[in-house]
Amino acid sequence: MANTEAALKEATTSIEGVLGAALVDYTSGMALGTIGGGKDLDLAVAAAGNTDVVRAKVRTMEQLGLQDGIEDILITLGTQYHLIRLLRGRGTDGLFLYLALDKSRANLAMARHQLKKIESQLEI
Amino acid sequence: MRNPVSVVSPMLIRLTDERATGVLIRDHGALYLIDGQVVHAEAAAAPGLDVLLTSGGRLRPEHWEEAIAEAGTRCQVARQLVINGHLTVGELELCHLATLFDAAFFTLATRSGATRFRYGVTHWLGPIRPVPPGTVERESMRRVRLLNSVWPYAEVDTAPVRRRTRLAGRVISPHRRALLDLADGIRTPSTIARELGRPAFNTLVEVRRLAADGFIDASAGVPPPPGQQPSAAGAQPSKEPSDPAVKESPPAPDSALLRRIREALEAPR
C-alpha cells in the first residue's frame with residue numbers, strides 16, 4: 001500500500017456516498033488516520049465512540065461463548081449508514097475501519113465489497 | 001486537581017507558533033519537534049518503535065540495526081526501512097503514530113517537574129508523519145479521561161499486575177489471555193507492554209479494564225465498596241470509603257504493599 005492517507009482516500013473515492021472515514025485503534029479509541037468529516041461529523045469523537053460499539057459486541061460474543069470473529073458491523077440511521085470493518089492481519093492488534101455513508105447515495109453491497117478490497121491493500 | 005497536560009500547554013502553543021525545532025524534555029519522556037510539529041516522542045514507560053515492530057515478527061532485529069547503521073547519522077532511519085523494502089509506508093506510519101501518541105501520553109500526562117526545550121536537536125529516526133502539538137495534547141487529555149472512566153484508581157498503572165487465581169469458567173479473549181498470562185505479581189504494566197510488543201497505554205487501559213472486571217487483584221489500588229462501581233467518566237476517585245461501617249473499622253494492614261515489597265526483595269536480580 002502507499003500510505004494510510006492514500007488508502008483512506010481510496011476508500012472515499014472508490015465508494016459512492018462516503019461522508020468520512022477513519023482508521024481506528026480499538027483499544028485506545030484513537031483515530032490513526034481520518035478523511036472527510038467536518039463540523040457535522042467529528043471523526044475523532046466517532047472513532048472513540050465506535051470503539052465502545054465494537055467492544056460491546058466482542059464482549060457479548062464472549063459471554064455467548066461464540067468462537068467467531070466480527071467481520072463488520074452495520075448501523076443504519078435515518079439518513080446514513082455507518083460501517084465498521086475490523087481489520088485482521090499480521091500486526092493488526094485491533095484496528096478497525098470506520099465509514100460513514102450518505103444513505104441516499106450509497107450502495108451498501110458495493111461499499112462492503114470495496115471496503116474488503118481496501119482492507120487487503122492495507123495489509124498492516 | 002489541575003490537569004497535568006494543561007501545565008505544558010502554553011509552552012507547546014509558543015513552540016508551535018514559532019515553528020520551533022528541537023526536543024521538549026520532561027521527567028517521564030520527550031517530544032521531538034520539527035518546524036513546530038511533533039515528529040517523535042520517547043518515554044521510559046513506553047516501548048519504542050523497534051520493540052513494536054520486532055516483537056510481533058513484522059521486522060527482523062537485524063534489519064532494524066542495518067537501517068540505523070546506514071542512515072542513523074543522517075537522521076533518516078525510518079525512510080531507510082522503507083527504501084530497504086522491509087516495511088511499507090503505511091505500516092511504518094501506523095506503527096510510528098501508535099508509539100508517538102503512546103510516549104507523548106506518558107510525557108505530557110504524568111505529573112512532572114521542570115519542562116525544558118533544547119533547540120536544534122533532531123531525532124535519528126527522522127520525520128514520518130508530523131502531528132500538530134494541539135492534536136497530541138488533546139489526545140493525551142482524552143487518554144487521561146478514558147483511563148479514569150474505566151477504573152479511576154491510578155495505582156494499578158505502576159504496581160505489579162497479579163491475576164486472580166479463581167478465573168475458571170470465565171470467558172477470556174486471547175488478547176486479554178496473553179496479558180493475564182504475564183500478570184504474575186512481579187511484572188508491571190510497562191514490562192508487560194514491552195514483552196507483548198504493545199503500546200504501554202493500550203496495556204494500561206486493558207489492565208484497568210481487567211481490574212474493573214475483577215480479573216486482576218487490584219488491592220494495590222482503592223477498590224470501591226460493593227455497589228459503588230466507578231461509572232462516571234472522569235470521576236475523581238475518593239480515597240475515603242463512604243460506607244460509615246467501613247470508616248469506623250481500624251485500618252487494615254496494607255497486605256498488597258507488604259507482598260509487593262517481599263516480592264521485590266525476593267525477585268531474581
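Per-structure values
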{"quantity": "³J(HN,Hα) computed for each position of region B:50-63 - Karplus, 6.51 cos²θ - 1.76 cosθ + 1.60, integer Hz, glycine/proline x", "calculated": "4, 5, 4, 6, 7, 5, x, x, 6, 9, 7, x, 5, 6"}
{"quantity": "Table column - 3J(HN,Hα) (Hz), region A:99-113, Karplus curve with 6.51, -1.76, 1.60, x for Gly and Pro", "calculated": "10, 10, 10, 7, 5, 6, 10, 7, 10, 4, 4, 5, 4, 5, 5"}
{"quantity": "Contour minus Cα-Cα distance for residue A:75 and residue A:117 (0.36 nm per residue)", "calculated": "13.1 nm"}
{"quantity": "Average other protein chain Cβ within 10 Å of Cβ, residues B:79-92", "calculated": "3"}
{"quantity": "Shielding by partners, peptide B:97-106 (average Cβ within 10 angstrom, other chains)", "calculated": "2"}
{"quantity": "Residues whose placed amide H lies under 5 Å from that of residue A:19, excluding near-sequence neighbours", "calculated": "A:100, A:101, A:102"}
{"quantity": "Karplus-derived 3J(HN,Hα), 6.51/-1.76/1.60, for each residue of region B:172-179, Hz, glycine and proline x", "calculated": "10, 5, x, 4, 6, 4, 4, 5"}
{"quantity": "Residue B:111/residue B:14 FRET efficiency (R0 22 Å; Cβ-Cβ; nearest 0.05)", "calculated": "0.55"}
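Quick note: the coordinates plus some simple rules give every number you see, no bench work behind them. Because the structure is a prediction, the values reported are computed rather than measured. Here the Cβ is made from the backbone with ideal geometry for all residues, glycine too, and neighbour counts use every protein chain on show.
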